[in-house]
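Colleague: One structure, pasted below without further comment.
The values are calculated or read from the model by the stated rules, or taken from the named source; none is laboratory data. Keep in mind that what you see is a predicted model, and the values were worked out from it rather than measured. Positions of Cβ are generated from backbone atoms using ideal geometry, with glycine treated the same way; all protein chains shown enter the neighbour counts. Accessible surface areas use protein heavy atoms only, side chains included; no ligands, DNA or RNA. Shrake-Rupley method; radii C 1.70, N 1.55, O 1.52, S 1.80 Å.
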Amino acid sequence: MSALTNTTLPITEATITVRVIKSFEYRTEKSLVLHKLDLQKTTVGELKNIAKQAIQSGPGWKAYRNVDLDTLKLYTKAHGAKTSNLIINLDHDDWVLDDENKTLAEVGLENETELSLFNREAYEKYKLNPEVS
């Protein structure tokens with residue numbers, strides 16, 4: 001049996017996908033793939049900054065630059081069950097990565113984990129009425 005993709009790379013060279021959410025109601029999101037992240041050294045706060053810097057400087061991200069992206073939440077791990085909601089995992093509020101000083105390994109990330117980056121206030125509002133336009 002072949003190795004699963006989440007174990008093929010060491011956690012010092014992981015690939016993480018950050019689903020950057022502009023609008024919950026309109027399901028507007030774009031994926032940012034980050035390669036060669038050291039999950040043992042990179043903190044939650046550093047990951048937020050890496051993603052925000054990529055959005056500010058990368059081509060194709062102009063529409064996302066005016067969103068206050070302040071929260072990271074686990075979306076799914078490699079080979080894990082995915083949520084039925086296509087924009088964000090609405091259950092498991094304990095998957096919100098609130099402690100910016102913890103390393104990504106400490107919060108359970110592994111190679112090929114998917115995270116959501118979004119505005120917390122918009123998320124809380126969407127949770128009350130998760131309808132799409």
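Colleague: What's the long-distance tail for the range 35-78, i.e. % of Cα pairs beyond 14 Å?
Modeller: Tail of P(r) above 14 Å: 59 percent of Cα pairs.
Colleague: In debye to the nearest 20, how big a dipole does the chain give about its Cα centre with +1 on each Lys and Arg Cβ and -1 on each Asp and Glu Cβ?
Modeller: Result for the chain is approximately 540 debye, rounded to the nearest 20.
Colleague: Using Cα atoms only, what is the angle between the long axis of helix 44-57 and the major principal axis of the chain, expressed in degrees (0 to 90) to the nearest 10?
Modeller: 60 degrees
Colleague: Below 11 angstrom from the Cβ of residue 40, what's the summed charge of the other residues (Lys, Arg +1; Asp, Glu -1)?
Modeller: -2
Colleague: A further question on this structure: Note the direction-averaged projected area, equal to a quarter of the hull surface, for the Cα convex hull of the chain, in nm².
Modeller: Value for the chain: 8.5 nm².
Colleague: Let me ask something else. Where Lys and Arg each count +1 and Asp and Glu each count -1, what net charge lies around residue 29 among other residues with Cβ under 9 Å from its Cβ?
Modeller: Result for the neighbourhood of residue 29: +4.
Colleague: Moving on. For the chain, what does the helix formula give at 222 nm: sum of -39500 (n - 2.57) over DSSP H segments with n ≥ 4, over the residue count, nearest 500 deg cm²/dmol?
Modeller: The helix contribution divided over the chain gives -5500 deg cm²/dmol.
Colleague: Report Rg (one decimal) and Dmax (nearest whole number) for the range 7-62, counting Cα atoms only, units Å.
Modeller: Cα-based Rg and Dmax for the range 7-62 come out at 12.7, 37 Å.
Colleague: Sticking with this one: Using a probe of 1.4 angstrom, how much of the accessible area of the range 7-66 is carbon and sulfur, in percent?
Modeller: Carbon-and-sulfur percentage of accessible area, whole number: 51.
Colleague: Also, I was wondering about something else. Per 0.36 nm of contour for each residue apart, how much would the distance between residue 124 and residue 99 grow if the chain were fully extended, relative to their Cα-Cα spacing?
Modeller: Length gained, residue 124 through residue 99: 7.2 nm.
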